[in-house]
Amino acid sequence: MENVIFLSESAAYQVKDMMEQNNEQDAYLRVFVKGGGCSGLSYGMTLEHTVKETDIEFEQHGIKVLVEKTDAAILQGTKIDYKQSLLGGGFTIDNPNAIATCGCGSSFRTATNAGAPGDC
């Protein structure tokens, strides 16, 4: 199946590390979009063991990834990276479909989906 999102090697390494720490080596990484945040949509990632009929499944750097078909258009071409700094590390998400993001960086909207704006 076609890749909807692109994991960097450092993001994949971090996901693998989290899987090992939580004894979830056989899990999938689910990347999703939900309504909320001050710009209307926010990202989510979780480890999961169930593939639904409505999922797109693919693999990158040894990580099995799931994206709900309804989220695929919003996430198409999104790059997920992991950056380490003196203050710690964190995932960064670069979505070419986002036309606006909020100041706190946790929510966004696209030209075709404004989501459900709320508090950050």
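Data for the structure
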read-out	value
Subset of the stretch 6-31 that is free of Cβ contacts under 8 Å to residues at least 40 places away in the same chain and either among the hydrophobic types (A, V, I, L, M, F, W, C) or touching a helix residue (DSSP H, G or I) at 6+ places or on another chain (Cβ under 6 Å) (or both) - its residue that is surrounded by the most Cβ atoms within 10 Å (Cβ to Cβ)	L29
Members of the stretch 32-55 that are assigned to a strand (DSSP E or B) and either small (G, A, S) or crowded, with 18+ Cβ neighbours inside 10 Å (or both)	V33, G35, L41, S42, Y43, G44, D55
Meets criteria (at pLDDT below 90 and within 15 Å of the chain's Cα centre (by Cα)) for L41	yes
Residues being closer than 12 Å to Y43 by Cβ, among the hydrophobic types (A, V, I, L, M, F, W, C) and at pLDDT below 55 - total across the stretch 75-120	1
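The values are calculated or read from the model by the stated rules, or taken from the named source; none is laboratory data. Since this is a predicted model, take the numbers as computed values, not measurements. In this analysis, Cβ positions are derived from the backbone assuming ideal geometry, glycine residues included, and neighbour counts consider all displayed protein chains.
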